[in-house]
1. Kindly provide the set of residues from the range 35-63 that are part of a loop (DSSP other than H, G, I, E, B), at negative phi and buried (at least 16 other Cβ atoms within 10 Å of the Cβ), ordered by number.
2. Would you check if residue 28 is at pLDDT 95 or above and surrounded by 14 or more Cβ atoms within 10 Å (Cβ to Cβ)?
3. Do the conditions hold for residue 85, that is, is it surrounded by 13 or more Cβ atoms within 10 Å (Cβ to Cβ), over 19 Å from the mean Cα position of the chain (by Cα) and at pLDDT 60 or above?
4. So which residues in the range 64-84 are more than 16 Å from residue 47 (Cα to Cα) and part of a strand (DSSP E or B), if there are any at all?
């Protein structure tokens, strides 16, 4: 019985690591008065699997960067955030990683 209990405990610790669980994903906040002033600042600070919440009350002009992290979620808070490239670009592809970010909206 003790062996089964130990095996179960080990499985609960190791299984999420092997499956790539995002249970430990950080949520980075972007916008006026938030930790990050622009989406690219948060993208540069993010780790794989993080969630970036972008305040829709702000307008982010010329904020263009490569996304080098995998499995990011970019979420508009309070509607759709306005990100105006303002003529800027970053290479031929808008994102630098092989994994495009997931876009969503949170009201």
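The values are calculated or read from the model by the stated rules, or taken from the named source; none is laboratory data. Bear in mind that the values here come from a model prediction, so they are computed numbers and not experimental data. Here the Cβ is made from the backbone with ideal geometry for all residues, glycine too, and neighbour counts use every protein chain on show.
1. Residues satisfying the conditions are 38, 46, 50, 56, 58, 63.
2. Working: at pLDDT 95 or above: yes; surrounded by 14 or more Cβ atoms within 10 Å (Cβ to Cβ): yes.
For residue 28, the condition - at pLDDT 95 or above and surrounded by 14 or more Cβ atoms within 10 Å (Cβ to Cβ) - is met.
3. Values: surrounded by 13 or more Cβ atoms within 10 Å (Cβ to Cβ): yes; over 19 Å from the mean Cα position of the chain (by Cα): yes; at pLDDT 60 or above: yes.
Against the criterion (surrounded by 13 or more Cβ atoms within 10 Å (Cβ to Cβ), over 19 Å from the mean Cα position of the chain (by Cα) and at pLDDT 60 or above), residue 85 qualifies.
4. Kept after step one, since they are more than 16 Å from residue 47 (Cα to Cα), are these residues of the range 64-84: 64, 76-84.
Answer for the range 64-84, where residues must be more than 16 Å from residue 47 (Cα to Cα) and part of a strand (DSSP E or B): 76, 77, 82, 83, 84.
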